[in-house]
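The values are calculated or read from the model by the stated rules, or taken from the named source; none is laboratory data. These numbers come from a predicted model, not from an experiment. Cβ coordinates were reconstructed from backbone atoms using ideal geometry, including for glycine residues, and neighbour counts include every protein chain displayed. Surface accessibility is based on the protein's heavy atoms, side chains included, excluding ligands, DNA and RNA. Shrake-Rupley method; radii C 1.70, N 1.55, O 1.52, S 1.80 Å.
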Amino acid sequence: MHLVNRARPIQLLFWLVVFSIPGQASAQASKKFTRNPHGPIGIPCEDCHTNTSWKPIRSIPEFNHDRTGYPLRGLHAKVDCKQCHTNLVFKDTSTRCADCHADIHRRQFGANCAECHTVKGWEAQTQQLKQHENRFPLLGAHALLQCVDCHKGEATGQFAGLSTTCLSCHIGNFQKASDPDHKALGFTTTCESCHTMDTWFGAKFDHLKFTGFALTGMHATLECTACHIGGKFKGTPADCYSCHVKDYNGTTNPNHKQAGLPTDCSLCHTTASWAGASFDHSRFTKFPLTGAHVTVPCSQCHINGQFAGTPTDCASCHIKDYNGTANPNHKQAGFPTDCSLCHTTASWAGASFDHNRFTKFPLTGAHVNVACSQCHINGQFAGTPTDCASCHIKDYNGTTNPNHKQAGFPTDCSICHSTASWAGASFDHSRFTKFPLTGAHVTVPCSQCHINGQFAGTPTDCYSCHVKDFNGTTNPNHVQAGFPHDCSICHSTASWAGALFDHSKTPFPLTGAHVNVACSQCHVNGQFAGTPTDCYSCHVKNFNGTTNPNHVQAGFPHDCSVCHNTSSWAGAVFDHSKTPFPLTGAHVSVACNSCHIGGVFAGTPTDCYSCHKADYQGTTDPNHTAAGFPTTCQTCHTTTTWLGATFNHTWFAIPHHTAKLCSDCHTNPSNYAVFVCTSCHTKAQTDPKHQGVQGYVYNSANCYQCHKNGGGGD
């Protein structure tokens, strides 16, 4: 009995029964042993069963459900075991809600019921709906609603994809709203424009955002009906005059209507207060008030309250000042009536005239300090001349060094003088004449060129001043050589000596060995004019004395440049391509004397036969002479090689003929003038095709008479 313990009550009961009732024990032992139907449960049977029988189990089983990984909480704690464990194998029981609870939402939220529901109760808690925060946060009054308030009917209602716009739930509120009537006034259906989620009442309308008309100042405190008469919102005017027409018409100081003031009240008034209006003359008119104009009463310019059409020119208001001014007399002097040219709005006195700005004659230098009356005689301003001579004619006529009048100087004093000082005049020869002074000319006294003070008509060519230099020069003798009178061709103004003649500016530029040839070698006896420019005139001895080849005997042209260049007389190259017979193919490497026999070049024939007569006559395959071939070798041959000739059967087209060898038609190799058609074209073939053809005879000569191009329809 010491083997009995708390863990083996069933076995103990079994042995007691066996020992006390032998017959029954024997009967029980003969029964089949009952196996555990629960699978690997791992707990004592007596925790749930009694020793009376397997069923029913104990009213309160000794089983800790927390150890299974699925603790029983809330409503699950009172659920009968068999309600979840329909199968005696407890390990097969699922822990997912969807396996026990039917999805009345039709998979709109997925299979995880715990996202909205808890074990405490089936009612969903909105604060647990995290997805709701992502798409449509439940704020304000929305947080107090139950799901069914928006999602009508849990089993059939739409949850996923339900519209989040206010109108989808509040269309009834929109249509029934009467103060104001949203539908009649065409209000926007975006409820959040005016309403909030906290309460439906106390809506605020952003007047600036939705109408473009900001309610500021006194406008902000007005009732909507003050502007929207009779509950009319759509088409309400936004201009001041529409609401304030009575104020505009009733105003007498000044009288707006009589003055023709604009109906845009905002030009002078603000929304803060109707009184205290101010008119910004600078902004709303083309005449800004500055200086003394700022403090002038409006009525002084706007006579009798007349605002429209008020002139903006000075003279309209200041004509009395203009006519009454005597120093100087504006009217007599013909001054412009634009007072702003001299006066400012700061003060009438202290006027200053900007000669540089308002006239075409800016005052500079000594002119700045000259009294106005010195130029404007007797107060005459209009038509005052601006040229120098009009004021300085006496200075011009009285000047003797040099005598301006005698020299014919121009009367434009500014050419030499400046306004800074009359003395120290300088004449810019480069600017005011067509002969700029450069080099040694700069330091030459004026009298050396302008003889006896004569300036007008002074010649500008070199020879006029340097004729003595030209005639007296002997190295070389310019007169005898017939040099041109334009000294600038060889000389410069820097120095008379060291003259250089640029031969490239003549029809014969010096290149190669010609550059270093002494002038006298070509210009014999100092003769420059008429010197020939052709090669032969200088190189006649070279031409006549050359023997390899003999130029005279060969009849070479006298133009040495055809073969020679100026770099060197030796190494001449003859460009045969510049002759009527260019060298190509094998001709390029042929020695000159092969064609030019005996050094004869002039009259050398250019036809093939003249050089290749022996080749023509000696050819046997085919025999050119016997066949009567033409002597124009280029018809079949090229200059590349004599072999591989091709014959163009020009006079008798054969592309469609079956003949492949010349001998197929030309049966006599010694005479290609003989040909046979009947070898291929039998009489039996041709007779049927020529029935009714006049003059038809079956022989080769007659065939060719009609079919010269080799075609059947010739």
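Listed values, structure above:
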{"item": "Descending principal axes extents, the range 236-329, alpha-carbon based, whole Å", "result": "62, 23, 19"}
{"item": "Equivalent-ellipsoid semi-axes of the range 560-714, from the Cα gyration tensor, Å, largest first", "result": "49, 16, 12"}
{"item": "Residue-normalised accessible area of the chain, given per residue in Å² at a 1.4 Å probe", "result": "72 Å²"}
{"item": "Positive minus negative residues near residue 204 (Lys, Arg vs Asp, Glu; Cβ under 13 Å)", "result": "-2"}
{"item": "Length-normalised contact order of the chain in % [C-alpha pairs under 8 Å, at least 6 apart]", "result": "4 percent"}
{"item": "For the range 470-582, fraction of C-alpha pairs farther apart than 17 Å, in %", "result": "65 percent"}
{"item": "Rounded accessible area of residue 210 (nearest 10 Å², 1.4 Å probe)", "result": "80 Å²"}
{"item": "Degrees separating the helix 535-545 axis from the principal Cα axis of the chain, which is the longest one", "result": "70 degrees"}
{"item": "Diffusion constant of the range 421-535 at 20 °C, which comes from Stokes-Einstein with the Kirkwood Cα-pair radius and 1.002 mPa s, µm²/s", "result": "126 µm²/s"}
{"item": "Rg and Dmax [Cα atoms of the chain; Å; Rg one decimal, Dmax integer]", "result": "65.3, 181"}
{"item": "Values of log10 I(q)/I(0), in the order q = 0.16, 0.18, 0.21, 0.22 Å⁻¹, for the range 262-375 under a Debye, Cα-only, solvent-free model", "result": "-0.90, -1.05, -1.30, -1.38"}
{"item": "Local net charge near residue 143, Cβ-Cβ under 13 Å (Lys/Arg +1, Asp/Glu -1)", "result": "-3"}
{"item": "Accessible surface, 1.4 Å probe, highest first, among residues 68, 547", "result": "547, 68"}
{"item": "Size descriptor, Kirkwood hydrodynamic radius, that averages inverse alpha-carbon separations across the range 359-488, Å", "result": "18.2 Å"}
{"item": "Largest-first ellipsoid semi-axes for the range 44-93, taking √(5λ) over the Cα gyration tensor eigenvalues, angstrom", "result": "19, 12, 11"}
{"item": "Rounded to the nearest 10 Å², the accessible area of residue 621 at probe 1.4 Å", "result": "140 Å²"}
{"item": "Accessible surface of the range 556-612 [probe 1.4 Å, protein heavy atoms]: carbon and sulfur percent", "result": "64 percent"}
{"item": "Summed side-chain charge close to residue 226 - residues other than residue 226 whose Cβ falls under 15 Å, Lys, Arg +1, Asp, Glu -1", "result": "0"}
{"item": "For the range 385-429: Kirkwood Rh in Å [reciprocal of mean 1/r, alpha carbons]", "result": "10.9 Å"}
{"item": "Angle between the chain longest axis and helix 388-398 axis [Cα atoms, degrees, rounded to 10]", "result": "30 degrees"}
{"item": "Principal axes of the range 169-259: Cα extent on each, largest first, Å", "result": "58, 24, 18"}
{"item": "3J(HN,Hα) from dihedral phi, the range 76-92, Karplus parametrisation 6.51/-1.76/1.60, rounded to Hz, x for glycine, proline", "result": "5, 5, 9, 6, 5, 3, 5, 6, 9, 8, 6, 10, 5, 7, 5, 5, 7"}
{"item": "Dimensionless Rg/Rh of the range 40-129 - Kirkwood Rh, Rg from C-alpha atoms", "result": "1.04"}
{"item": "Cα long-axis angle, helix 166-176 against the chain (0 to 90 degrees, to the nearest 10)", "result": "80 degrees"}
{"item": "Pairwise centroid distance, computed over Cα atoms, of the range 256-319 with the range 529-597, Å", "result": "102 Å"}
{"item": "Carbon plus sulfur fraction of accessible area for the range 223-338, probe 1.4 Å, in percent", "result": "57 percent"}
{"item": "For residue 479, solvent-accessible area (1.4 Å; no DNA, RNA or ligand), Å²", "result": "80 Å²"}
